[in-house]
Amino acid sequence: MLPYGRHAVDQEDIDAVVNVLQNQFLTQGIAVPAFEKALCEYTHAQFALAVNSGTSGLHVACLAAGVGPTDLVWTVPNSFVASANCARYCAAEVDFVDINPLTRNICVEQLESKLARCKKIPKVLIVVHFSGASCDMQAIAALTEKYNITLIEDAAHALGATYQGKPVGCCQYSDMTVLSFHPVKSITSAEGGAITTNDNNLLERLTLFAKHGITREPSLLDDKEQGAWYYEQHELGYNYRMSDLHGALGLSQLNKLDEFIQHRRKKAIVYVNALRALPVKLPNEEALASSAWHLFMIELLEHDRKQVFDELRARGIGVNVHYIPIHQQPYYQKLGFQTGDFPHAEHFYKGAITLPLFPAMTESEQRHVIDSLHEVLQ
């Protein structure tokens, strides 16, 4: 079965991990700080904190923003559930803003309208760079600044993408950006994530919540007269540290990121050119040169999605669907959300199919996908 996504690990990556196993601390050593430094250099952000998953990153980002039981967090419905769950971990309320059908990202116009009419303003807005294409961050920041809303980018799909010529993750228009290094993402650390920011105070809070709420930093200690063994717990934190094994793999992979993204973009262009004649809606072509192309999704316009899905799977093509709208999940429906609340996200989901796309995908594999689609849809 040709998967919709696959990691690319080479001998350099393996050697980097083995080096840690043989010669370094397995955790709290030098590999993770080196990875964090490299992430800063790549994204142009001032600070980066590596954690053990993108979900952990979203959680501590909400905690660092001060999200609590009386607060409200907004995000989008067409994402993985972690984009909303992170607020629920903090016992906050969650609401959603519908998407723009063209970009499949948060609709700026609907965001503006919702901010104007809602009595309760969110403490945090989490925007999702869906499939790897950046949201319109400048326009979103212009809206959220008026209300003193903390703006978090969920860039789990978008490491390697650009916005206005700058790397996603630079936090030019946001307070924090959360990255994911799951095996099907732009790079992998097996499991892992990171948060970038340009705010040192936020970095201190992020670090505190990701590491048990404990600090050894002399300037932050209440009792400054103790010895080098001394530490203090200032918050109820979590063990979200990244191990040095994961950090070494992530650092090695980061050196290949631009090459990975180049391969993804070339394959996205091939798909766009080969599928134009089919009765499908293709991704926004304006994103061809700037998206990280984590996912390539078509929307069926005439055919039954389940039938097409099953026929492609029968041909050995591991298509997938991203995502079931969060507000249609049973957990969120128990909170009061209903089908019909966010029609653009729901309409997109009904016809969406994710096609295989990953750096090591061969021309013949992609041709098999294209030919099969033509046969099934025509």
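The values are calculated or read from the model by the stated rules, or taken from the named source; none is laboratory data. Note that the structure is a prediction, hence the values are computed from the model and not measured. Glycine gets a Cβ as well: all are built from the backbone with ideal geometry, and neighbour counts include every protein chain shown. Protein only, heavy atoms only, side chains kept; ligands, DNA and RNA dropped before computing areas. Shrake-Rupley method; radii C 1.70, N 1.55, O 1.52, S 1.80 Å.
Kindly list the residues of segment 319-362 that lie in the label zone of Glu109, defined by a backbone N under 18 Å from the point 7 Å along the Cα-to-C-beta vector.
342-348
Classify segment 80-136 as rounded, prolate or oblate, taking a ≥ b ≥ c as the square roots of the eigenvalues of its Cα gyration tensor: rounded when a/c is under 1.5, otherwise prolate if a/b is larger than b/c and oblate if not. Please report the intermediate quantities before stating the final value.
Values: a/c = 2.57, a/b = 1.16, b/c = 2.22.
Oblate shape, in that a/c is at least 1.5 and b/c is the bigger or equal ratio.
Would you mind getting the accessible area per residue of segment 246-378, heavy atoms of the protein chains only, 1.4 Å probe, in Å²? Let's see the in-between values first.
Details: 6060 Å² over 133 residues.
Result: 46 Å² per residue.
Determine the sum of side-chain charges near Tyr238: Lys and Arg each +1, Asp and Glu each -1, restricted to other residues whose C-beta is under 14 angstrom from that of Tyr238.
Taking every other residue near Tyr238 into account, the sum is +2.
Counting only protein heavy atoms and using a 1.4 Å probe, what share of the accessible area of segment 190-328 belongs to carbon plus sulfur, as a whole percent? Numbers along the way, then the final one.
Working: 3290 of 6700 Å².
Ligands and nucleic acids excluded, carbon and sulfur give 49 percent.
Using the Karplus curve 6.51 cos²θ - 1.76 cosθ + 1.60 with θ = phi - 60°, work out ³J(HN,Hα) for each residue of segment 235-243 in order, rounded to whole Hz, and write x for Gly and Pro.
9, 7, x, 9, 8, 10, 4, 8, 7
What is the Cα centroid distance between segment 73-107 and segment 280-320, reported in whole angstrom?
Answer, in whole Å: 22.
For the pairs Lys306/Lys334; Lys185/Lys266; Lys119/Lys146, note any where the Cα-Cα span goes beyond 25 Å.
Values: Lys306/Lys334 27 Å; Lys185/Lys266 17 Å; Lys119/Lys146 15 Å.
Cα-Cα > 25 Å for Lys306/Lys334; rest within.
Please compute the net charge surrounding Glu41, taking Lys and Arg as +1 and Asp and Glu as -1 over other residues with Cβ under 14 Å from its Cβ.
Working: positive: Lys37, Lys166; negative: Glu36, Asp258.
Net charge in that neighbourhood comes out at 0.
Accessible area per residue for segment 12-140 in Å², computed with a 1.4 Å probe and the full protein assembly in place, what is it? Can you show the working numbers first?
Details: 5050 Å² over 129 residues.
Per-residue value: 39 Å².
Pop out the carbon and sulfur fraction of the accessible area of segment 91-166 as a percent, whole number, probe 1.4 Å. It would help to have the intermediate numbers written out before the result.
Values: 1400 of 2910 Å².
That fraction is 48 percent.
Counting Lys and Arg as +1 and Asp and Glu as -1, what is the net charge of the other residues whose Cβ lies under 13 Å from the Cβ of Pro325? Before the final figure, lay out the partial values.
Values: positive: Arg104, Lys350; negative: Asp98, Asp341, Glu346.
With Lys, Arg at +1 and Asp, Glu at -1, the net is -1.
Report, by chain and number, residues whose modeled amide H sits under 5 Å from the one on Ala352, excluding near sequence neighbours (fewer than 5 apart, same chain).
Answer set, sorted by chain and number: Leu300.
Taking amide H positions as placed in the peptide plane 1.01 Å from N, state which residues far from Gln28 in sequence (5 or more) or on other chains have amide H under 5 Å from it.
Placed amide hydrogens put Asp244 under 5 Å from Gln28.
At 222 nm, what value in deg cm²/dmol follows for the chain if DSSP H runs of at least 4 each add -39500 (n - 2.57) and the sum is divided by all its residues, to the nearest 500?
Working: 13 runs with 143 residues, N = 378.
Calculated at 222 nm, the ellipticity per residue is -11500 deg cm²/dmol.
Aspartates and glutamates within cross-link reach of Lys114: Cα-Cα under 18 Å, excluding same-chain residues under 8 positions apart?
Counting by Cα, and skipping residues close in sequence, Lys114 has these aspartates and glutamates nearby: Asp71, Glu93, Asp95, Asp98, Asp136, Glu145, Asp341.
Using the Cα centre of the chain as origin and beta-carbon charges of +1 (Lys, Arg) and -1 (Asp, Glu), tell me which of Cys90, Leu251, Leu203 is placed farthest towards the positive end of the dipole.
Of Cys90, Leu251, Leu203, it is Cys90.
Carbon and sulfur: what percent of segment 1-90's accessible surface (1.4 Å probe)?
Using a 1.4 Å probe with all protein chains present, segment 1-90 comes out at 58 percent carbon and sulfur.
In the chain, with Lys and Arg counted as +1 and Asp and Glu as -1 at Cβ, which of these residues, Thr43, Gly68, Ser131, has the Cα nearest the positive end of the dipole, that is, farthest along it?
Ser131
In what sequence, highest mean first, do 34-40, 155-161 appear when ranked by Cβ atoms within 10 angstrom?
Working: 34-40: 19.3, 155-161: 29.3.
Going from most to least packed, we get 155-161, 34-40.
Using Cα pairs under 8 angstrom and six or more residues apart, how large is the relative contact order of the chain, in percent? Provide the component values of the computation, followed by the final result.
Working: 782 pairs, mean separation 87.0, N = 378.
Answer for the chain is 23 percent.
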